[in-house]
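Below is one structure, written out as structure tokens; comments come after it.
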Amino acid sequence: CASEPEPTPPATLTATTAEVNLLRLWSSRAGEAGRGRFEPLVTDDQVIVANRKGKVSSFSRETGMRRWTRELDVRLNSGVGGDEDRLYVADIDGMVHALNSATGESLWQAAASSEILVPVASGFGVAVVRSTDGRVSALNPEDGSERWSVSNTPPALTLNGYSRPLLLKGGVLTGLDDGRLLALNMSNGKLIWETVISVPTGRSEVERLVDIDADIVLDDEGIYLANYQGKAARIEPTRGQVIWSVPLSAGAGIGLHEDSLIVVGDNDTVYRLDKQTGQTIWSNETMPARRLSPPAFTPAGDIVLGDVEGYVHVLDFKTGKAIGRTRLTEEPINARPIATDDAVIVQATDGLVAAYRFAR
Amino acid sequence: CAGDPFWLPSAHKISIQQGNLLNEQQLARVIVGMEREEVRELIGTPVVNTPFKGNRWDYVFTRGPAGSAVKARRVSIIFEDNLVAQIDSNQDTETGELPEKRYWWELIDKESTDDTPYQELD
Amino acid sequence: CATQTPTEVGSGTAEELYRTAKRSLNQGDFLTAISTFETLGARYPFGSYTQQAQLDIAYAYLKQDEFDNAINAADRFIKLYPRSENIDYAFYIKGVSHFSRGGSVMERIFPRDMAKVNQQWLRNAFTEFDTLVRRFPDSKYAQDSLVRMAYLRDEMARHELITAKFYYQRGAMVAVINRMSYLLEHFDGSRHVPNALALMASAYESLGQTDRQQDTLRVLAATSPEHPALEKLTKG
Amino acid sequence: QEPVSRVDGGATKPGGFVVSDIVIEGNERIDLGTILNYLPIRNRDRFVPGEDSARVLRALYETGLFSDVVVKRRGTNILVVKVVERPAIGSISINGNKKIDTEELTKSLRQADIALGRVYNRSILETVERELRRVYFSSGNYGSEIDINVEKLERNRVALDITITEGAVARIEHINIVGNESFDEKTLLNLLQSSEKKINPFSSADEYSQVKLAADIETLRSYYQDRGYIRFEVDSTQVSISQDKRDIFIVINIREGERYRLRGIELEGEVDIPREELLSLITVKEGDVFARKDIVSSSNAINDRLGQDGYAFADVDVLPDINDESRDVGLTFVISPGKRVYVRRITFTGQYKTRDEVLRREMRQLEGSRFSPALVNRSRIRLQRLAFMQGVSIRTPRVPGTDDQVDLEITVQEGQSGSFSAGLGYGSDGGATVNLAFQQDNLFGTGESLQFSFDNSDTVRQLSLSFQNPYFTDDGISRTVGAFIRETDTSDQDSTSRYLASTRGASVRFGVPLSEFSTFRIGLGYERTELGTTTESSDEVVNFLEEEGDTFNIYDLNLGFTYDTRNRTVFATDGTAHRLSLEAAIPGSDYTYYKLGYSFEFFQALTDRYTLSSTLRVDSGYGYGDFDNLPFFNRYFAGGVRTLRGYDTGSLGPRDSKDNAAGGDYRTLGTVEVIFPPPFVEEPGATRLSLFTDFGNVFEDTNAFDVDEFRGSYGVAFVWLSPVGPLTFSLSNPYNDQEGDEKQQFQFTIGSIF
């Protein structure tokens, strides 16, 4: 029968001026993570990672030495969420498991209404879970009892995966698969405001995809997000007004640094937009089809990204040029690198976790 | 074709059932003065479709192997201006004989016209 | 049947195409004729030549004994050109196609007994001829259609009679009576009515309904007094 | 002068004007006659500007043929209609499509009324794109791109050039069922039609389609409801696709609910069938786990029982009364018999050759009789069993004006009823054969069959003629008359004993149906055989001829009894057939012997494609009077494509002095096979594949019977009922052959099997 057309291969990498070299501080194994969003959780002294088979491991942030591991035999598709006192892991059968953040010992379990593909967002005394059937529920961190829960029906066909709820003072932000952004009251889940980022258009279900999958970021001036086949936008937090929006199709995700928004497009082009006006300052189109990870920032402010062949790239914040590169593994890195004050921690889908420091 | 050759065992005859199967209680409920539609509601439409006498419905019932003497039970309902006037039946006496063959009916198969009257397409 | 492949015809105006097609039609090369008429239709979808070509396609298929194609072609003509003046010919082709369906080259040696073939064809043929005669009474095909209709009606009546005889031999008397009343109702005046009445009378007799039998025989006596079955009529 | 829309002209009296002539301008392809046909105005009509012109405009625009129409008045009463024709589609070219062929795409375009000669307008582009995209999305190509460009052609026509980039087919990467506690994910996933990525590229099970997902949800629902979970619910399903549009992810959220048991069973509805009998048909009883399929089968059983009494339009609904605390369900079977139904008329259609009576005599359901689904079904099977019948479908429309009478409309499809085959064949049985056979199962539509064949192979030269009339009498007594001339010369048949024989014979046989399934056969025959020997003949043959002489007149009487419930005579999928036969050379024949035979055939459909079939045959012959065994020229042989595949023809069993197979008086044969239509073939129709194992052997006589002497083989066979006649090819591998057996792996016959 007709042979399937091969997927377009990742672009070959051009040589870079190695202005920055990446020194690997430590690396250790957390067990095969697979396709899901397995971002490491970094606290002041621990790096906590999870893998597909439900093994949660904690490593010391400085040395990468293993502190403790806990085997929960459940199937996970997302990384560890949590804060100082509790960690949360959610499996694909919709169970949320709370663990003690110091020892990993399990505290309670609570059932959500469907599969969960993103880490639990916790903070401000609540743990918020988003499940595939579009439901957002807030659990009491003490015992996992449900404080409130809001249901939304996703469109017939969505992009796989969805954005992680974002907690801010008094409110929960969640981006839906039909291109709407909701702000819910933290205590009772009531709708504070709702903004339509982009309206599904086109004749086929594929053309009508407008999911908000990339994580939402914010600073004290506004909320920033970008959706698929839609726009990048800045939203005024109190009433949800769109301050500016530029047409753009988001891929893996976005990041905020100083006065700019760094967006990874669905065709793996990296843009730097002025966060006040949305103007494009520069765009880097040298790495098409490399399936770049959401961006993170080095202490010096340069941009750090992983890619499908396990490379870690550093782009210059001012010019967007590639100024550093090293290879962690052969397997893809699709999780967002996590920056700490002096290093950046990267987790690959084969479970390899490493911390890098950047020397100019 | 000839009748069954004498020395062959007689072939299995399929059983023939004809006409309406009426049960007694339903029949008992049909009374004089009823409308035609009511009768149809109660005991159904007569299977025998008689061309002439419109004001009489015959409910005939027969059962028996093919081609043998026909045991027929009959109930007739006579209507006068659309109301049941009289109900008569052959009191279940089983009448009817073996269907006879007549010499005139041999022609039935052969009577196709030999000359095709229409002219061939030009 | 003709197995040579239809020869492709080059370009040319509608009229040239039509003339070449007509020539191969008359020479009996139906395949080429059909394919040329169809090229004409595709290239000049709305010309008057195309209208005539559509009718000639139907005729060519009929001469090829391809009855289904002939009927479809005629149907297309009737739908496309509802007011054309030779639309009666289209109905006539449809009627003749149904009429001769099932006939084959063996027809001359073993003429088909129309009363025993698929009655659906007879009914279809009858309806087509009937439409033609009613809508175009003065068409030159009306006369032949009437003759064919009479023949069809007679064969359809005889089919009822033969089937009734089939059931009579098996002793299914109610089936016989119903078939014969169907014949009396639909084919009144046909020459098979006397035999139908006679058979119906015998059926009533077998069912033991002598009163019905006598009624039937009286009607038979009125229509054909010398019918042999009348010997069963008790006088007075 | 009131304003006239689009009609400009001189002063008009308020009442408009009488049209004396109509002039059409601007038409190129569409001829005058056609346009005049559509105009609602004729000569000598009164034309009132305003609403009449509006009527003309509407009529012409509705035809869709014109992009612009102007109505004008010229002079006092000439009406001018100026039109601009829309272009017609001159050519449509589709390229870039690999998965779906162009012809298929053009067909779906034609259904959307886009074809050569059709009128072209802007909206056509959108319809084409939507139509083609719909076709590709329904087969999972979510990444497909369609672009169309339009070029002008001469004579106001356009060419549509459609290029398609199909893109990859989205395959299901992962299916996740959430909320299943009582059954594990793996068992549930196996039930579904859609499945995760398959290594086999041919299977399309891993291609996503909404229809398949909907069916899968129903499968899950009935799986649960058949195991007590009456409250089972599917909350929601989510379908998502990866960014590169190659992987599909499905999530099915279910709520099992609790397991329920049955509380009580009641029966409601007034029907004159005894209650106990109906209650006995209900297979579920109090305390059982609620199982939907058993309840459905019980209500169907009741429905069938009602059907037998003529209540064809009865229906049985089951009302559950669910108690959630005690977690049990009370069931009430409500029977509404509806009216007892009768059959008024039975008509046949679809037949090309068969006479009406040949079909009608197979019917068990009669006109003017009670409608019985069982009899109608039996009639369908009898029609299907006719050798020349391919398909039978029966419709029962209601008779208008009554609610208790139906007609029976039976559509038949005749198959290949006759074949005239002349061919050079090579049969592993008799080497190169010349075969001239004329066979007609439906002679002029009468249902009678005539076989005439002339066979010439290096061992047998035969001319045979036989004529069968299945309805020699009205009630179905069949008569078969046949005659044959056969010259046998086994000299170069390397494995069987050598002799020459020329036989002439004729026979007449009657078949009498004793019941719906059983038939009694009786027949008389005469055979005259002249024998000769060759240098190779064995001593047994030579001294046999010295003692008995070389010509034998044999008068044989054969009796038979068959009980046959197979649903088809060719490629049956259900039913069994037992055949008992006695063939005796009656006293007065030169050689007195008799042969007893019993054969048993069994068919059982495993699935709608696979049928299990097994046959067992035992034949035993005895001499009597002054002979004690079968004549050497009339003994049983084993081996060859008709008896025991994998072994050379007739090569098994006892040996004669020249170490050739001499045949025997006792033979047992058996076959077990699985028959299925060949894969990847759309309409298998007349072809079948089968995996088989044959076993058996021929012995000197009954007491020489010894099971470990059995020979066996296994293999694959292919049968094709071609217009030339049945072709059989078998590839077999003997498994317990002893030395000295002549094996023959590949065997086939061309021409009819008799």
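Listing for the model above:
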quantity	calculated
Tally of residues being touching a Pro at 6+ places or on another chain (Cβ under 6 Å) and of a type in the set (D, E, K, R) across the stretch A:168-188	2
Count of residues meeting criterion [crowded, with 23+ Cβ neighbours inside 10 Å and within 10 Å of chain B (Cβ to nearest Cβ)] in the stretch C:130-147	1
Any hit, the stretch B:30-46, residues being at positive phi and either more than 8 Å from chain C (Cβ to nearest Cβ) or at pLDDT 85 or above (or both)	yes
Any hit, the stretch A:272-282, residues being touching a residue at least 12 places away in the same chain (Cβ under 8 Å) and under 23 Å from A:Pro9 (Cα atoms)	no
Qualifying residue in the stretch D:142-153 (condition: over 22 Å from D:Lys212 (Cα atoms) and within 14 Å of chain C (Cβ to nearest Cβ))	yes
Residue among C:Arg170, C:Arg179 that alone is among the basic types (Lys, Arg) and facing chain B (nearest Cβ under 7 Å)	C:Arg170
Residue tally, condition touching a Phe, Trp or Tyr at 6+ places or on another chain (Cβ under 9 Å) and more than 15 Å from D:Glu709 (Cβ to Cβ), over the stretch D:633-642	4
Single residue of D:Leu616, D:Leu630, D:Leu652 found to be touching a Phe, Trp or Tyr at 6+ places or on another chain (Cβ under 7 Å), of a type in the set (A, V, I, L, M, F, W, C) and farther than 23 Å from D:Asp550 by Cβ	D:Leu616
The stretch C:145-163, residues that are at pLDDT below 90 and acidic (Asp, Glu)	C:Asp154, C:Glu155
Condition met for D:Tyr499 (modelled with pLDDT under 90 and within 14 Å of chain B (Cβ to nearest Cβ))	no
Residue in the stretch A:43-59 that is under 20 Å from A:Thr349 (Cβ atoms), assigned to a strand (DSSP E or B) and among the basic types (Lys, Arg) present	yes
Residue under evaluation D:Arg74, criteria (1) within 14 Å of chain C (Cβ to nearest Cβ); (2) surrounded by fewer than 17 Cβ atoms within 10 Å (Cβ to Cβ); (3) of a type in the set (D, E, K, R), criterion not met	(1)
Single condition D:Asn37 does not satisfy, out of (1) touching a residue at least 60 places away in the same chain (Cβ under 8 Å); (2) within 14 Å of chain C (Cβ to nearest Cβ)	(1)
Restricting the stretch A:124-151 to residues that are surrounded by 17 or more Cβ atoms within 10 Å (Cβ to Cβ) and of a type in the set (Gly, Ala, Ser), the residue that is nearest to D:Ile177 (Cα to Cα)	A:Ser131
Of all residues making up the stretch D:282-308, the number that are in contact (Cβ under 8 Å) with a residue 60 or more places away in the chain and closer than 22 Å to D:Arg398 by Cβ	3
All positions within the stretch A:299-329 that are among the aliphatic types (A, V, I, L, M), surrounded by 19 or more Cβ atoms within 10 Å (Cβ to Cβ) and out of contact with any strand residue (DSSP E or B) (no Cβ under 6 Å at 6 or more places or on another chain)	A:Val308
Failed condition for A:Leu167, given (1) among the hydrophobic types (A, V, I, L, M, F, W, C); (2) surrounded by 24 or more Cβ atoms within 10 Å (Cβ to Cβ); (3) closer than 30 Å to A:Lys231 by Cα	(2)
The stretch B:1-18 - residue that is assigned to a strand (DSSP E or B) and either modelled with pLDDT of 85 or more or surrounded by fewer than 18 Cβ atoms within 10 Å (Cβ to Cβ) (or both) and, of those, farthest from the other protein chains (Cβ to nearest Cβ)	B:Ser15
Selection count, the stretch A:106-150, where residues are in a strand (DSSP E or B) and either within 21 Å of A:Leu76 (Cα to Cα) or within 14 Å of another protein chain (Cβ to nearest Cβ) (or both)	17
Qualifying positions in the stretch D:369-389 - touching a residue at least 40 places away in the same chain (Cβ under 8 Å) and of a type in the set (S, T, N, Q)	D:Ser372, D:Gln384
Whichever residue in the stretch D:583-613 is surrounded by fewer than 16 Cβ atoms within 10 Å (Cβ to Cβ) and within 23 Å of D:Thr519 (Cβ to Cβ) and, among such residues, is nearest to the chain's Cα centre (by Cα)	D:Gln604
Top-ranked residue of the stretch D:373-422 - restricted to ones that are modelled with pLDDT of 85 or more and more than 25 Å from the chain's Cα centre (by Cα), ranked as nearest to D:Phe452 (Cα to Cα)	D:Asp407
Considering residues of the stretch D:332-362 that are free of Cβ contacts under 8 Å to residues at least 40 places away in the same chain, closer than 20 Å to B:Gln18 by Cα and within 11 Å of chain C (Cβ to nearest Cβ) only, the residue nearest to the chain's Cα centre (by Cα)	D:Arg360
The stretch D:217-244, subset aliphatic (A, V, I, L, M) and surrounded by 18 or more Cβ atoms within 10 Å (Cβ to Cβ), residue farthest from A:Asn152 (Cα to Cα)	D:Ile230
Options A:Arg61, A:Arg29, A:Arg37; residue that is within 14 Å of chain D (Cβ to nearest Cβ) and in contact (Cβ under 8 Å) with a residue 60 or more places away in the chain	A:Arg37
Test for D:Ser108: is it among the hydroxyl-bearing types (Ser, Thr, Tyr) and either buried (at least 18 other Cβ atoms within 10 Å of the Cβ) or farther than 27 Å from A:Ser204 by Cα (or both)	no
Flag if A:Val264 is surrounded by 17 or more Cβ atoms within 10 Å (Cβ to Cβ), in contact with a Phe, Trp or Tyr (Cβ under 9 Å, 6 or more places away or on another chain), part of a strand (DSSP E or B) and among the hydrophobic types (A, V, I, L, M, F, W, C)	yes
Verdict on A:Leu87 being in a strand (DSSP E or B) and surrounded by fewer than 18 Cβ atoms within 10 Å (Cβ to Cβ)	no
Selection from the stretch D:246-273 of residues that are buried (at least 19 other Cβ atoms within 10 Å of the Cβ) and either on the phi > 0 side of the Ramachandran plot or of a type outside the set (A, V, I, L, M) (or both)	D:Asp247, D:Phe249, D:Asn253, D:Tyr260
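Rundown of residues vs (1) more than 8 Å from chain C (Cβ to nearest Cβ); (2) at pLDDT below 70; (3) more than 13 Å from the chain's Cα centre (by Cα), yes/no style:
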| position | (1), (2), (3) |
| --- | --- |
| B:Thr50 | no, no, no |
| B:Val75 | yes, no, no |
| B:Asn82 | yes, no, yes |
| B:Thr116 | no, yes, yes |
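The values are calculated or read from the model by the stated rules, or taken from the named source; none is laboratory data. Nothing here was measured: the structure is a model prediction, and the numbers come from that model. Backbone-built Cβ (ideal geometry, glycine too); neighbour counts: all protein chains shown.
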